[in-house]
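What follows is a short report on a single structure.
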Amino acid sequence: MERNLKNVLVISFGFLLLFTAYGGLQSLQSSLHSEEGLGVASLSVVYAALILSSMFLPPILIKKVGCKWTIAGSMCCYIAFSLGNFYASWYTLIPTSVILGLGGAPLWSAKCTYLTIAGNSYAEKAGKNGKDIINQYFGVFFLIFQSSGIWGNLISSLIFSQASNKAEISEENLACCGAYDCVTDTTNTTSSAEPCNSLIYTLLGIYTVSGVLAVLLIVIFLDQIKPDQAETEKEILETPSFCSMFLAAFQHLKDKRQCLLIPLTMYSGFEQGFLSGDYTKMYVTCALGIHYVGYVMICFSSVNSLCSLLFGKISQFTGRKLLFALAAVTNTACIIALLLWKPHPKQLAMFFVFPALWGLCDAIWQTQTNGLYGILFEKHKEAAFANYRLWESFGFVIAFGYSTKLQVYIKLYILLSVLVLSMVTYGAVEYLEAKSSPGTPTATKKENVGPLTEETDT
């Protein structure tokens, strides 16, 4: 096997093992640690720390210790989060959430840097186009990585389905599920379906071992970047200082279209936060039990992946406006239905219909919003995508932050309001684009914005 391809596979399976653990654990946080909202608070802290981390840590760590050891060290931050869940309290889970958030940005940045260097190295030796090889390597990576959402949730559901204390949930408790949840009874309602500690520890043990195996895979089998690749590495890692990066991102807000896209970008964080934080807890765990959370999230992940591939291909025929309209209408229908629906175990199919439709919508929000940023801000992609990651993460922080303070129906109204605002401001962006001269993006008229290192969220 060609050496660079071997390294790509090592990184891909390392991330698969790591995010099999983290992805499954993230879906369960609101259900496992519902008391005083500890679970969703920890997720809010993760994304807040991620925002800070992405501003300055990646280039510093990669330059000091290299890509291989940055990846290995950052993975250890995820293991710390798994360990924090063994004895979950405000004194263990919040600090480990901060550690995870700080390690998230360097992990993804080092992965991108390593794959880019490997692609350029092989292309130079084989006399091929560097961009083509890099795209192939990233394709291999995401093909393997994306399945982590399925495996992590499948493991949790299989383990929790072994619980011997799966008692029938009373009609009185079922009345507290859904949009008009009983705030004072929420803890009691969800805890009635909680598995025993031995199963929780078994799951956490499997997740922790999975993370440790990911680190060992990287440490033992991933090659370090060779000296003859140093020049390529230097080019990739030549990034501005923290201040210039920070200023460049906010300087990009001078562009009206960027400001108008903030609600749409934040909505992406809001809607993902609602599904993983509120739907899993107050609909699935409350009415069916925690052992169904994994199956429901597998449904979401599967539909999301398939639709991402589908919409990425058909967007050239339908155009982005039609797809955005489809997502807006479908998401609106789901929100209204969730406001009216009283979840009950007898309506089992309904628990899967909503995440399936949500996955369809999320696929459009992710693929088309990213594509929109790339098209509108072709001259300033780095600054534009820095804003994308900033505002999406900010949406996550807010969604998880108010999760324990408000009833579900209020959160659904907030979600619907942000969606409506997003579509209004998105329409304004399309209007501005229609007014601009064909073939002359308005981005070229803007002032030059300094480059930023590209990083990816967890």
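The values are calculated or read from the model by the stated rules, or taken from the named source; none is laboratory data. From a predicted model like this one, the values you see are computed outputs, not experimental measurements. With ideal geometry, Cβ positions are generated from the backbone for all residues, glycine too; neighbour counts draw on all protein chains shown. With ligands, DNA and RNA removed, areas are computed over all heavy atoms of the protein, side chains included. Shrake-Rupley method; radii C 1.70, N 1.55, O 1.52, S 1.80 Å.
Descriptive notes on the structure:
- Selection count, region 43-66, where residues are within 15 Å of the chain's Cα centre (by Cα) and not β-branched (Val, Ile, Thr): 7
- Scanning region 140-160 finds no residues that are surrounded by fewer than 19 Cβ atoms within 10 Å (Cβ to Cβ), free of Cβ contacts under 8 Å to residues at least 12 places away in the same chain and farther than 27 Å from Ile62 by Cα.
- Close Cβ contacts (under 6 Å, 6 or more residues apart or on different chains) running from residues in region 322-333 that are closer than 14 Å to Glu271 by Cα to residues that are open to solvent by 10 Å² or more (accessible area, probe 1.4 Å) and of a type outside the set (Lys, Arg) comprise Ala328/Met423; Thr330/Leu357.
- The sole residue among Ala428, Ala399, Ala384 that is surrounded by 24 or more Cβ atoms within 10 Å (Cβ to Cβ), of a type in the set (A, V, I, L, M, F, W, C), in contact (Cβ under 8 Å) with a residue 24 or more places away in the chain and farther than 28 Å from Ser27 by Cβ is Ala384.
- Just one residue in the set Ala110, Ala72, Ala105, Ala88 is small (Gly, Ala, Ser) and touching a Cys at 6+ places or on another chain (Cβ under 9 Å); that residue is Ala110.
- Where a residue in region 293-312 is in contact (Cβ under 8 Å) with a residue 12 or more places away in the chain and its partner, wherever it lies, is outside any helix (DSSP H, G or I) and surrounded by fewer than 21 Cβ atoms within 10 Å (Cβ to Cβ), with Cβ under 6 Å and at least six apart: Ser305/Gln146
- Residue that is farthest from Tyr22 (Cα to Cα) [pool: residues in region 69-93 that are assigned to a helix (DSSP H, G or I) and open to solvent by 20 Å² or more (accessible area, probe 1.4 Å)]: Trp69
Residue-wise test of (1) touching a Pro at 6+ places or on another chain (Cβ under 9 Å); (2) outside any helix (DSSP H, G or I).
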| site | (1), (2) |
| --- | --- |
| Gly104 | no, no |
| Trp108 | yes, no |
| Ile117 | no, no |
| Tyr122 | no, no |
| Lys128 | no, yes |
| Asn135 | no, no |
| Phe138 | no, no |
| Leu143 | no, no |
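- Any hit, region 15-24, residues being farther than 24 Å from Tyr283 by Cβ and over 19 Å from the mean Cα position of the chain (by Cα): no
- Only a single criterion out of (1) at pLDDT below 90; (2) buried (at least 17 other Cβ atoms within 10 Å of the Cβ) is not satisfied by Val65, namely (2).
- Just one of the listed residues (Gly119, Gly103) is buried (at least 23 other Cβ atoms within 10 Å of the Cβ) and within 21 Å of Arg389 (Cα to Cα), and it is Gly103.
- For region 403-414, the criterion of a residue being within 20 Å of Arg320 (Cβ to Cβ), in contact with a helix residue (DSSP H, G or I) (Cβ under 6 Å, 6 or more places away or on another chain) and of a type outside the set (D, E, K, R) is satisfied by no position.
- Here Thr96 qualifies as touching a Gly at 6+ places or on another chain (Cβ under 7 Å) and either farther than 20 Å from Leu204 by Cα or open to solvent by 10 Å² or more (accessible area, probe 1.4 Å) (or both).
- Answer residue from region 329-339, given it is of a type in the set (A, V, I, L, M, F, W, C) and farther than 19 Å from Lys281 by Cβ and is most open to solvent (accessible area, probe 1.4 Å) among those: Val329
- Some residue of region 9-20 being open to solvent by 20 Å² or more (accessible area, probe 1.4 Å) and of a type outside the set (A, V, I, L, M): yes
- Any chance Leu213 is over 30 Å from Ile414 (Cβ atoms), at pLDDT 90 or above, of a type outside the set (Ser, Thr, Tyr) and open to solvent by 80 Å² or more (accessible area, probe 1.4 Å): yes
- Considering region 232-328, the qualifying helices (runs of 4 or more DSSP H), each wholly inside and each with 1 or more residues that are at pLDDT 85 or above, of a type outside the set (Gly, Ala, Ser) and surrounded by fewer than 22 Cβ atoms within 10 Å (Cβ to Cβ), run over 256-274, 293-318.
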